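Heads up: the structure comes next, in structure tokens.
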Amino acid sequence: MNLIQVLQYVFLGIVQGFTEPIPISSSGHLLIFKELFNFEMLNDMNFEIVVNFGSFIAICFLYRKEIIKIITDFFMFIKTKKDTYKENYKYAWLIVLGTIPAGIVGLILKDTIESISGNVKIIGIALLITALALFIIKDFKGKKEKKEMTVMDAITVGLFQVVALFPGISRSGSTIVGGMSRDLKRETAVNYSFMLYLPISLATMLLGVKDLIETPNISSLVLPYALGMIVSCIVTYFSAKWFINIMKKGKLGYFSIYCLIVGILVVLFL
């Protein structure tokens, strides 16, 4: 593998890292770059899993204190039944509940989703749908905080995450739209969105480990895979922090405009 090919893996790791946390569809952008530059490695599903795992590590690090507290409080509530730990005990179950719909549908429709994932026109249409959804909720502020979330809120956001299984629909965008449609505060919606990302991403990685290990030329791919994962991790961390600040300021309209422009260009020219 020559230097140019290695740099292509690094570039795609940057693309994954930047687009994963923000509502513009990371999988959609990877496919768009495949069409634009004929990157052959984008036919390699293992690489997508690896760079996605880099994003997983970054989000875990970004929310490390929150994650540790949720897990600790969950088991402390089981042990002591003290109200001090009840909020995070409930929140942990809401994360589980919000993850279930996408987990079930993903397993049932795995082959169908994969069969349409290479259609760039579908990506363009999906970006237009994302643009419309973001535009509708761009001025929503919401009132509910984390402690006020309900089972129905979790189910609703979980169902919105199902929509994001289809290529080109942003996972972060759909879950944030779902959360804000349930009157969650912007910060509450984005934090819950990232919490739902973690189990889905981890499950994707675990399911792909067997295929990754059995890759015939895996020894030659260790370096580009590792570099792709590392840059994806670093870029995801800073992209997520930037997006959280954008959410606090209520600037979702910019992403709506971006998805609209890119969606139109993809539909017309790719």
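Just so you know, all these numbers are worked out from the coordinates, no wet-lab data involved. Just so we're clear, the structure is a prediction, and the values are computed from it rather than from any experiment. Note: ideal-geometry Cβ built from the backbone for every residue, glycine included; neighbour counts use all protein chains shown.
The table for this structure:
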read-out: Computed helical MRE - 222 nm, the chain, DSSP H runs ≥ 4 contributing -39500 (n - 2.57), nearest 500; value: -27000 deg cm²/dmol
read-out: Kirkwood Rh and Cα Rg combined as Rg/Rh, the range 148-270; value: 1.03
read-out: Dipole in debye (nearest 20) - the range 3-269, about Cα centre, beta carbon charges: Lys, Arg +1; Asp, Glu -1; value: 1240 debye
read-out: Sequence-distant aspartates and glutamates (8 or more away, or on other chains) whose Cα lies within less than 12 Å of Lys81; value: Asp73
read-out: Cα-projected label distance for Ile104 with Lys248, points at 7 Å along beta-carbon direction, nm; value: 3.7 nm
read-out: Residues whose placed amide H lies under 5 Å from that of Lys144, excluding near-sequence neighbours; value: Leu184, Lys185
read-out: Helix 45-62 vs. the chain, principal-axis angle (Cα, 0 to 90°, nearest 10); value: 40 degrees
read-out: Hits among aspartates and glutamates - C-alpha to C-alpha of Lys185 under 15 Å, sequence gap 8 or more where chains match; value: Asp139, Glu145, Glu148, Asp153
read-out: Only Lys, Arg (+1) and Asp, Glu (-1) charged, at Cβ; the range 1-66 dipole about Cα centre in debye; value: 240 debye
read-out: Listed residue pairs exceeding 24 Å between alpha carbons, taken from Lys147/Lys248; Lys138/Lys241; Lys146/Lys251; Lys34/Lys110; Lys110/Lys144; Lys82/Lys147; value: Lys110/Lys144
read-out: Backbone HN-Hα couplings from phi across the range 155-163 [Karplus 6.51/-1.76/1.60, Hz, Gly and Pro as x]; value: 4, 4, 5, x, 5, 5, 5, 4, 4
read-out: Max mean-square fluctuation residue, GNM over the chain, Cα-Cα springs under 10 Å, options Pro167, Pro216, Pro199; value: Pro216
read-out: Cα-based Kirkwood hydrodynamic radius, the range 3-269, one decimal, Å; value: 18.9 Å
read-out: Residue order, fewest to most surrounding Cβ atoms within 10 angstrom, among Val151, Val163; value: Val151, Val163
read-out: 3J(HN,Hα) from dihedral phi, the range 250-259, Karplus parametrisation 6.51/-1.76/1.60, rounded to Hz, x for glycine, proline; value: x, 9, 5, x, 4, 5, 4, 5, 4, 4
read-out: Estimated vicinal HN-Hα couplings, Hz - the range 171-176 in sequence order (Karplus 6.51, -1.76, 1.60; Gly, Pro = x); value: 5, 5, x, 5, 6, 5
read-out: Pairwise label distance in nanometres, Leu159 with Val222, each label 7 Å out on the Cα-Cβ vector; value: 4.8 nm
read-out: Positive-end residue, the chain charge dipole about Cα centroid, Cβ charges, pick of Met45, Ser239, Thr204; value: Ser239
read-out: Label-to-label distance, nm, for residues given as Lys86 and Glu66 (7 Å Cα→Cβ offset); value: 2.3 nm
read-out: Most to least packed among 140-148, 84-92, 262-270, 128-136 [average Cβ atoms within 10 Å]; value: 128-136, 84-92, 262-270, 140-148
read-out: Cα lying deepest toward the dipole's positive end in the range 50-107, options Ile71, Tyr85, Val105, charges on Cβ; value: Tyr85
